[in-house]
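S.K.: The structure follows.
Computed from the coordinates by the stated procedures, all read-outs in this text should not be read as laboratory data. Since the model is a prediction, treat every value here as computed from it, not as a measurement. Cβ placement follows ideal geometry from the backbone for every residue including glycine, while neighbour counts extend to all protein chains displayed.
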Amino acid sequence: MSVIETTSPHLRVSAAKASKTEPESTRIQAPEALVDDHFFWTYTEEPHRSRRQAIIKAHPEVTKLCGPEPLTKWVVLGVVSLQLTCAYLLRNTSMLDWRFLVTAYVIGATCNQNLFLAIHEISHNLAFRSPFANRLLAIFANLPIGLPYSAAFRPYHLTHHKSLGVTGLDTDLPTAVEAFFLNSLLGKTFFCTFQILFYAVRPMFIYSPPFTYIHLMNVSVEIAFDYLFSQLCGTYQPIFYFLMSSFLAGSLHPCAGHFIAEHYFFSNVEAGGTESLTQLKNGEKTKKPHPLDSLPPPETYSYYGPLNILTYNVGLHNEHHDFPAIPWTKLHKLHEIASDFYEPLPCHRSWVWVIYTFILDKNVGPWCRVKREQGGRIVGGGKKGDKTTGQGTGRGGEGISAASAGPAGEEGDGWKESEIQC
């Protein structure tokens, strides 16, 4: 495995003590795995914390953008109402009827993707100042999804922010076994078609946050709603509509492109397609050699296209990871203020292109993720590991080490949300 030499990289040690014998390279050998590992392993810390600090130093006014967005609750109310209306109107329509299928794909999948991302936004407490009010709104947004999801999503997602790329903690990462079996045309097609199932099932094989009263409330409300709504309609057909909408939302749907676009690196695609805004402004539409090519590949990509209107601006993903406390309505303003930081970064121009290229281009696939073995912490607590080995509850061959789970004395929630706030 090749090693790329750079100037003394470092790993931030707020969550783990750095090794004294750490080699001076950004790429490291993968830990032992069940299959040959082709991920890009690095010792460097994730890029968002350091860029956030640099942006605040250069543009301190960005901190004024932080805080809840009152518009979110009204958008959620409108989208939930639209989905309930569609489900009710289709109550006597067969699942195989073209009207059912077209409505589920065009309206239902788009609405449920919007609700997935509403829950994503609400998980950062960006709808209300009260954390409990945010939890309740997330449970409400969950209703047309068909299955309880919002309570389980939050700890995994906040850990993804705190532990970007950390194996055994970041459940957004594919495992080596997944990548091994899916790294082909058919495998990548299967992954893109059923990716919502991968995102739903994979976390259970990595680690398990505690089951709280919020989880119980989420499950109870969703089951009660599904039953009562089906009784109102006189059939379970509306529930099938909700489930079909959720499946299609995470399948071969334009808005589903954000799942892949956010953190899979496309720097090996020979035809280009992820040029920075700076390159596009200068008329550089083809990939050319660049001094930064010798550095680790990008870990996060943004997308600035029109589908952001339907998805809470989740396409502005570098901006979101840099400042999770800034709501969706102000991410474009953040980009405008700190354009000197964001415009040189590679970005996607089309989520449809992302899906198409991911499937058909042999230079991009499930191995195209940056991983690190240490750093970060679990958010929301978790089961404690073996005191002798220090190994946590990670499963599927990607255990949580004592180092990656955080320093002694920081069990439980592991960290405070204020650490990623402005």
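S.K.: Starting from the Cα of VAL177, step 7 Å along the direction of its Cβ; do the same at LEU228; then give the gap between the two resulting points in nm.
M.R.: 4.1 nm
S.K.: Here's another thing I want to ask about it. Cut-off 15 Å, label point 7 angstrom out along Cα-to-Cβ of SER130: give me the residues of region 44-85 whose amide nitrogen falls inside.
M.R.: 73
S.K.: Further question: Across region 199-216, in residue order, what do the Karplus-derived ³J(HN,Hα) couplings come to in whole Hz, using 6.51 cos²θ - 1.76 cosθ + 1.60 with θ = phi - 60° and x for Gly and Pro?
M.R.: So the J values, rounded to whole Hz, are 5, 7, 8, 3, x, 5, 9, 9, 6, 10, x, x, 8, 10, 5, 5, 4, 4.
S.K.: Something else now. Quick check for you: which residues of region 316-355 have the amide N under 14 Å from the point 7 Å beyond the Cα of LYS281 toward its beta carbon?
M.R.: Inside the label zone: 335-346.
S.K.: Hey, another quick one. Grab the Cα-Cα distance for VAL352 and HIS332, subtract it from 0.36 nm times how many residues apart they are, and report the gain in nm with one decimal.
M.R.: In short, 5.0 nm is gained.
S.K.: So if we plug the beta-carbon distance of SER220 and LEU71 into 1/(1 + (r/R0)^6) with R0 = 35 Å, what FRET efficiency do we get, rounded to 0.05?
M.R.: 0.75
S.K.: Follow-up question, since we're still on this one. Report the label-to-label distance for TYR236 and ASP340 in nanometres (one decimal), using points 7 Å from each Cα along the Cα→Cβ vector.
M.R.: Taking the two extended label points, one gets 6.1 nm.
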